[in-house]
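Everything below concerns the one structure shown next.
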Amino acid sequence: MTAVRAGVVGAGYVGLTTAVCLAERGHHTVCVDVDPDRVEQLRNGVAHIDEPGLPELLRQGLAGGTLEFASHCAGLDDRDVVFVCVPTPSGPDGSADLSAVDNVVDELAGVLAAGAVLVLKSTVPVGTTRRVGERVRSAGIRAVSNPEFLRESHAVYDFRNPDRIVVGTEDADAAAVVTGVLGNHAQTFVMNPESAELSKYASNAFLAVKISYANSLARLCGTVGADITDVTRSMGADVRIGPHFLAPGPGWGGSCLPKDTAAILHTGRRACVALPEIESARRTNAAQPDHIAAALRRALRVPLHRARLTALGLTFKAGTSDVRDSPALTIGAALSRAGATVTGYDPRLGALDQSRLRAAAVTPVDDPYLAAKDADAIVVLTEWPEFRELDWTAIAEQAPGAVVLDTRNLLDAAALADAGLRYVGNGTRSGY
Ligand code: UDX
């Protein structure tokens, strides 16, 4: 692998992970972010995102001189390849808002040298890379699509060990530059930019469909006396189906699946192509709060509007401090609107965006035992493994007679029963 001069624009989950991992590979990397405070922190070796392994790589890159941070694109003029990793949030109609991407491309068009490769890692709608390519062609810059498939909380691992690398371009030389920089042995698929862009949306939408299907099956299991864990275990053993993304829960959330399913539906509408599977997956997901509220109404010994509830887990999944589009907060907000009092505990509570907790009317309590005090119901919403290790006898003393509604089927039902708590799993025989 030949070392290149690399640039990254955007120091969020994708951009910062990309930058520290490129630097680890020996590419001299300049990472640009518009937020000067963030740039200052990063220069001092302080990461603002919570990713295993990232702080070490950040410090290593800074100390080794392979990693630099800047607050504007001007310093990227000598870069061979620049990865654009800025957000593409959902607009009101579900379409991806491309203003950040467009601004960066305009800047780079005036900065990069002829021959440079501009790589769109941001998740962008079909047609964007070709449009960007036309915009920068007169400056001799090539645009390539290279969607990222990193999972939050596994981002460094996923960068180092990708299932596949997708490179969207019809320029074989530009494709070779990108695969050379990423330089690893994953399956690499070179295709036209439209296919590369769509493969990202198609993958995330499929994951959403898979989880919603598991959530619908869990409802059926809870009604007909079947157990979702046994059903998905049997399904997952079939290599055509696979065991992943079949765990039922409070619904899917986070910064990608909700936004990307909305965006692919928007693309479908514009192309006059229906995508009913994805529409249906979103409907199933949107109905999760009502489904959980109904289960609580059945399990509680007091009316929901007078109930004191404890939410265990507030992040959208375990291993992260991200609460963007967290199903736990959507459900907390719905239960608060129904009149319940909701307190919430999360192992990363101190690092969570408190304004989102306030917006959901969830009162944070930084101790699981205090959070459970006098609760009528304890609702497990995030699959933090440490919840299994809680002293459930102590919790039962704090909340005598409480019911534990385990949307993730995380806890040991027998241990909770021994502790004197009523346990209700998701899609199980004694569940909801
Ligand atoms: C996702 C994609 O997995 C990743 O490839 C892409 O680059 C970004 O979007 P991420 O948003 O980090 O990654 O979360 P992911 O691990 O996919 O989980 C998404 C949501 O689905 C979470 O709310 C999670 O709790 C939920 N989920 C996941 C389930 O409810 N059940 C499952 O079996 C798996």
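The values are calculated or read from the model by the stated rules, or taken from the named source; none is laboratory data. Everything quoted here is computed from the prediction, not taken from an experiment. Neighbour counts are summed over all protein chains in view; Cβ atoms, including those assigned to glycine, are modelled from backbone coordinates with ideal geometry. Areas reflect the complete protein model, heavy atoms only, side chains present, ligands, DNA and RNA absent. Shrake-Rupley method; radii C 1.70, N 1.55, O 1.52, S 1.80 Å.
Computed from label points 7 Å out along Cα-Cβ, the spacing between A415 and E134 is 6.0 nm. Taking a sphere under 15 Å around the Cβ of M235 and counting the other residues whose Cβ falls inside, with K and R at +1 and D and E at -1, yields a net charge of 0.
Judged by the ratio a/c of the largest to the smallest principal axis of the C-alpha gyration tensor, region 161-283 counts as oblate, that ratio being 1.5 or greater while a/b is no larger than b/c.
With the dipole of the chain worked out from charges on the C-beta (+1 for Lys and Arg, -1 for Asp and Glu) around the Cα centre, which of V117, S71, A377 lies farthest toward the positive end? Value: A377. Using C-alpha pairs below 8 Å separated by at least 6 residues, the relative contact order for the chain is 12 percent.
Membrane-span-like helices in the chain (whole DSSP H runs, Cα extent of at least 27 Å along the helix axis, mean Kyte-Doolittle hydropathy of at least -1.0): 193-224.
Label-to-label distance, A172 versus Q60, with points set 7 angstrom from Cα along the beta-carbon direction: 3.5 nm. When DSSP assigns beta bridges and you keep just the ones with both residues in the chain, what percent turn out antiparallel, to the nearest 5? Within the chain, antiparallel bridges account for around 5 percent of the total.
A simple charge model with +1 on the Cβ of Lys and Arg, -1 on the Cβ of Asp and Glu and nothing else charged puts the dipole of region 100-230 at about 60 debye relative to its Cα centre. For region 183-283, trypsin sites (Lys or Arg not before Pro) meeting the loop criterion (DSSP other than H, G, I, E, B) and having at most 12 other Cβ atoms within 10 Å: R240. Per-residue extension of 0.36 nm, minus the Cα-Cα distance of D106 and H154, leaves a gain of 14.1 nm for this segment. Placing unit charges on the Cβ atoms only, positive for Lys and Arg and negative for Asp and Glu, gives the chain a dipole magnitude near 1180 debye about its Cα centre. For region 5-191, relative contact order (Cα pairs under 8 Å, six or more residues apart, normalised by length) works out to 20 percent. When a 1.4 Å probe is rolled over the protein heavy atoms, the share of accessible surface on the chain that falls to carbon and sulfur comes to 53 percent. Classification of region 5-191 by its C-alpha gyration tensor yields a rounded form. The axis ratio a/c (a ≥ b ≥ c) stays under 1.5. Multiplying the residue separation of E397 and F245 by 0.36 nm and subtracting their alpha-carbon distance yields 51.2 nm.
How far is the Cα center of region 109-126 from the Cα center of region 216-284, in Å? Centre-to-centre (Cα) distance: 33 Å. Pairs of Cα atoms nearer than 8 Å and 6+ residues apart set the relative contact order; for region 221-380 it is 21 percent.
Projected label points at A3 and D230, each 7 Å from Cα along the beta carbon direction, are separated by 5.9 nanometres. Here the calculated FRET efficiency for A113 and V46, from their Cβ-Cβ distance with R0 = 35 Å, stands at 0.65, rounded to the nearest 0.05.
Here the dipole of region 5-191 is about 420 debye; that uses its Cα centre as origin and unit charges on the Cβ of Lys and Arg (positive) and Asp and Glu (negative). Largest accessible area first, the residues F189, F83 order themselves as F189, F83 under a 1.4 Å probe with ligands, DNA and RNA left out.
For the chain, the solvent-accessible area of protein heavy atoms averages 43 Å² per residue (probe radius 1.4 Å; ligands and nucleic acids excluded).
A Förster distance of 51 Å, applied to the separation of the beta-carbon atoms of D77 and L220, puts the FRET efficiency at 0.30. In the chain, the calculated helix contribution to ellipticity at 222 nm averages -12500 deg cm²/dmol per residue, counting -39,500 (n - 2.57) for every DSSP H run with n ≥ 4.
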